[in-house]
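No lab work stands behind these numbers, since they all come straight from the coordinates. All figures in this text were calculated on a predicted structure; none of them were measured in a lab. Every residue, glycine among them, receives a Cβ derived from its backbone with ideal geometry; neighbour counts consider all protein chains shown.
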Amino acid sequence: MAIQSRITAAFCGPEALGAKTSGLLEGDFFAQTNENINLFRLRHAFIKLKWEKTELLTGQYWNPMFVTECYPGTVSFSAGAPIQGLARNPQIRLSHQISNVKLTAAALGQRDFVDNGPEGRSSIYLRNAGIPEVQVQAQLALKGLLIGGGMGYKTIVPRLSADHNQKTYKVDESVTSVSALAFAKITTKPVTLKFQAKYGENNLDMLAPSGYAVRSVVDQETGEQAYTPLTNVSFWSEIHTNGQKFQAGVFAGVLKNRGTKKK
């Protein structure tokens with residue numbers, strides 16, 4: 001489709017701090033919502049420093065829980081979402097290779113893929129918290145086999161003030177959530193098999209049916225509230241042939257909304 005047309009610019013720069021430098025700018029016309037479809041949007045924009053065993057990426061790129069080495073190769077543009085988490089985030093990502101093991105740590109902000117709250121879909125709730133989302137991940141790559149797992153920790157602040165009893169009060173409310181995933185890919189000459197299992201809390205920004213709910217009013221005078229995240233679990237698998245001219249595959253998965261973490 002025309003709206004999926006992409007414009008990409010990749011570049012390489014001189015060595016810096018003993019590392020090879022490179023970067024990427026990419027956009028398309030898919031837009032962020034139906035209301036502004038056909039408008040140009042930014043997909044990726046990052047600079048990368050690469051040493052012999054270490055890599056530092058700064059800019060907008062895939063959320064680490066969208067594992068570029070193991071994701072659904074669907075014909076659909078959605079790549080398996082919402083069963084497969086999907087998001088691109090401004091981030092600082094550091095990866096280090098130790099033999100066959102790759103370790104990754106990332107600090108993420110939000111831009112297009114955001115949380116929901118009193119002001120609608122916005123990145124303001126993560127910015128209100130003053131701390132980025134943090135993720136860690138480990139991958140083991142052997143001949144024909146890739147296995148790995150990761151975890152994420154996020155805190156958002158839905159409100160900094162509350163209108164209650166005809167007055168405005170300063171409030172200190174937050175929603176803390178964790179997420180985790182495990183994945184595997186088996187590559188043989190005729191076929192490739194992929195698997196992923198994921199647990200998520202308040203991961204609406206990854207396009208899952210999620211969010212948070214009011215658990216209680218902790219201060220009757222100010223109207224300050226306590227929240228609890230909605231949780232979900234998902235699993236998907238895929239098998240596809242590895243032909244050079246023709247490939248066929250089957251993707252299947254399930255996502256279960258498990259309700260709130262606390263009553």
Query raised in the report: Can you work out ³J(HN,Hα) from phi for every residue in the range 53-68, in order, using Karplus 6.51 cos²θ - 1.76 cosθ + 1.60 and θ = phi - 60°, giving whole Hz and x for Gly and Pro?
Result: 10, 10, 9, 10, 10, 10, x, 8, 7, 4, 4, x, 7, 9, 7, 5
Query raised in the report: If you wrap a convex hull around the C-alpha atoms of the range 82-125 and split its volume per residue, what is the figure in Å³?
Result: 91 Å³
Report summary line: So the compactness index of the range 1-142, its C-alpha Rg divided by 2.2 N^0.38 Å, takes the value 1.14
Report summary line: Calc'd 3J(HN,Hα), the range 94-108, phi into Karplus 6.51 cos²θ - 1.76 cosθ + 1.60 (θ = phi - 60°), Hz, glycine/Pro = x, comes to 10, 10, 9, 9, 10, 6, 8, 10, 10, 10, 9, 10, 9, 10, 10
Query - Percent of C-alpha pairs per 10 Å bin, the range 118-186, short to long - result: 18, 31, 22, 16, 9, 4, 1
Requested in this report: State, to one decimal in nm, how far the label point of LEU42 lies from the label point of TYR199, with both points 7 Å from Cα in the Cβ direction.
Outcome: 3.5 nm
Query raised in the report: Out of every Cα-Cα pair in the chain, what percent are more than 27 Å apart?
Result: 47 percent
Query raised in the report: Based on the Cα gyration tensor of the range 78-173, what are the three equivalent ellipsoid semi-axes, each the root of five times an eigenvalue, rounded to whole Å and given largest first?
Result: 36, 15, 10
Query raised in the report: ³J(HN,Hα) across the range 169-176 via Karplus (A = 6.51, B = -1.76, C = 1.60, θ = phi - 60°), whole Hz, x for Gly/Pro?
Result: 10, 6, 10, 10, 10, 8, 10, 9
Query raised in the report: In whole Å, how far is the Cα centre of the range 1-44 from that of the range 247-263?
Result: 29 Å
Report summary line: The set of residues whose placed amide H lies less than 5 Å from the amide H of TYR212, leaving out same-chain residues fewer than 5 positions away, is LEU230
Report task. Would you mind checking the radius of gyration and Dmax of the range 172-260 based on alpha-carbon positions, in Å? Result -> 19.6, 69
Query raised in the report: Taking the alpha carbon gyration tensor of the range 195-242, what are the square roots of 5 times its eigenvalues, largest first, to the nearest whole Å?
Result: 37, 8, 5
Report task. Compare the peptides 27-38, 232-243 by average per-residue count of other Cβ atoms within 10 angstrom and give them in order, highest first. Result -> 232-243, 27-38
Query raised in the report: Whole-Å semi-axes of the range 49-90's equivalent ellipsoid, largest first, each the root of 5 times a Cα gyration tensor eigenvalue?
Result: 25, 12, 8
